[in-house]
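We did not get these values from a lab; they are worked out from the coordinates using the rules stated. In this text the structure is predicted, and so the values were computed from the model without any measurement. Ideal geometry is used to build each Cβ from the backbone, glycine not excepted, and the neighbour counts take in all protein chains shown.
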Amino acid sequence: MLNIMSIKKAKAANAGAPPTSKTSAAQIRLQKDLADMDHLPSTMALAFPDPNDVFHFRLTITPDEGFYRGGRFHFTFTVPTSYPHEPPRVLCTQTIYHPNIDLEGKVCLNILREDWKPVLNINSILVGLQYLFLEPNADDPLNKEAAAILQSSRATFDANVRKAMRGGAFGGVTYDNVMVHP
Amino acid sequence: MKVTITEWHGAAYWRWNTDEDDDICGICRHSFEAACPDCQLPGDNCPPLWGECSHVYHMHCIHKWISQEASKGQCPLDRQPWEDKRA
């Protein structure tokens, strides 16, 4: 049935901007994404530094199991005005030891790159990032040294993760202390 | 009893023939009875479009996606090659 209310809501959200502008289309879709995720798991939190700017936000992941339990990891999301036809840009703001995140914070997650599709949403990315901390993937590495160690010895990898998470230095890199209880 | 009708108002509603009453476009997440984000008015100028794979989106939404290289010409839901379903 014709949903007059949804049209009215879309029009209200459009008010003040040209109705055909790409910015407003991306914003409406993004706000739908965010409205659909009112029950985030306790291991994830979103924050909007500027409440008027929905296109830039932060994500904090605090894994409660796996190699990275006890750590707190920060990401920034930048959503393009072409969203959802192009994916958000996601960066880790800390220097961490992870096979799929390089030392500059670039994230190797298929749905952020070649496998992005416009039917995915912000929640899909959150689930993907959470999964990277539970099951780092040695087959598709950005940090090749970390991936090689994960493949050869999970015990050594675990020890390296623990050391790096406490702000340790090895292999010529000083990592950020990311412990919830430093 | 004799009734004399002095005035009447017709009312009608319409919806696209999609599967469910509140079916939405998976790309923009607006209902099909609302326009896609690039259109102001719903209706014949902003119709839903089915693919041969049976998935349905606003015509403008799916064509915008398919025209991007990143789409590889695939349906966003099942990665099958997208082809407009012939009527």
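Taking amide H as placed 1.01 Å from N in the peptide plane, A:Asn100 has its amide H under 5 Å from the amide H of A:Asn137, A:Leu142, A:Asn143, each at least 5 places away in sequence or on another chain. Here is the short version for the protein assembly as shown: A:Cys92, A:Cys108, B:Cys25, B:Cys28, B:Cys36, B:Cys53, B:Cys61, B:Cys75 have no other Cys C-beta closer than 4.7 Å. Scalar couplings 3J(HN,Hα) for the range B:34-47, obtained by applying the Karplus form with A = 6.51, B = -1.76, C = 1.60 to θ = phi - 60°, are 8, 6, 5, x, 8, 10, 9, 10, x, x, 4, 7, 9, x Hz; x denotes Gly and Pro. Proximity of backbone amide H atoms, modeled 1.01 Å from N, is registered between B:Gln74 and B:Trp82 at under 5 Å, excluding neighbours fewer than 5 places apart on the same chain.
Global dimensions of the range A:19-174 from alpha-carbon coordinates: Rg and Dmax equal 16.5, 56 Å.
Using a Förster radius of 25 Å, what is the FRET efficiency between A:Glu145 and A:Asn177 based on their Cβ-Cβ separation? Nearest 0.05, please. Here the calculated transfer efficiency is 0.80.
Listed values for the range A:167-182 are Karplus-derived 3J(HN,Hα) couplings in whole Hz (6.51 cos²θ - 1.76 cosθ + 1.60, θ = phi - 60°), namely x, x, 10, 7, x, x, 10, 9, 8, 7, 6, 10, 5, 4, 10, x, and x replaces Gly and Pro. For the pair B:Tyr13 and A:Asp115, label points projected 7 Å from Cα toward Cβ lie 4.0 nm apart. Near the amide H of A:Gly168, within less than 5 Å, lie the amide hydrogens of A:Tyr175, all on another chain or at least 5 residues away, with H placed in the peptide plane. How high is the FRET efficiency between A:Ser152 and A:Ser124 when r is their beta carbon distance and R₀ equals 41 Å, given to the nearest 0.05? The pair A:Ser152/A:Ser124 has a calculated efficiency of 0.80. Modelled this way, with points 7 Å down the Cα-to-C-beta line, the labels at A:Leu103 and B:Thr6 are 8.9 nm from one another. In angstrom, the C-alpha Rg and Dmax of the range A:108-182 are 14.5, 42. Based on the Kirkwood approach, the hydrodynamic radius assigned to the protein assembly as shown is 21.3 Å, with every pair of different Cα atoms included. With a Förster radius of 51 Å applied to the beta-carbon distance between B:Ser54 and A:Phe48, the computed FRET efficiency rounds to 0.85. The equivalent ellipsoid that matches the C-alpha gyration tensor of the range B:20-87 spans semi-axes of 19, 13, 11 angstrom, in descending order. The distance between label points at A:Thr78 and B:Gln40 comes to 3.3 nm (points 7 Å beyond Cα on the Cα→Cβ vector).
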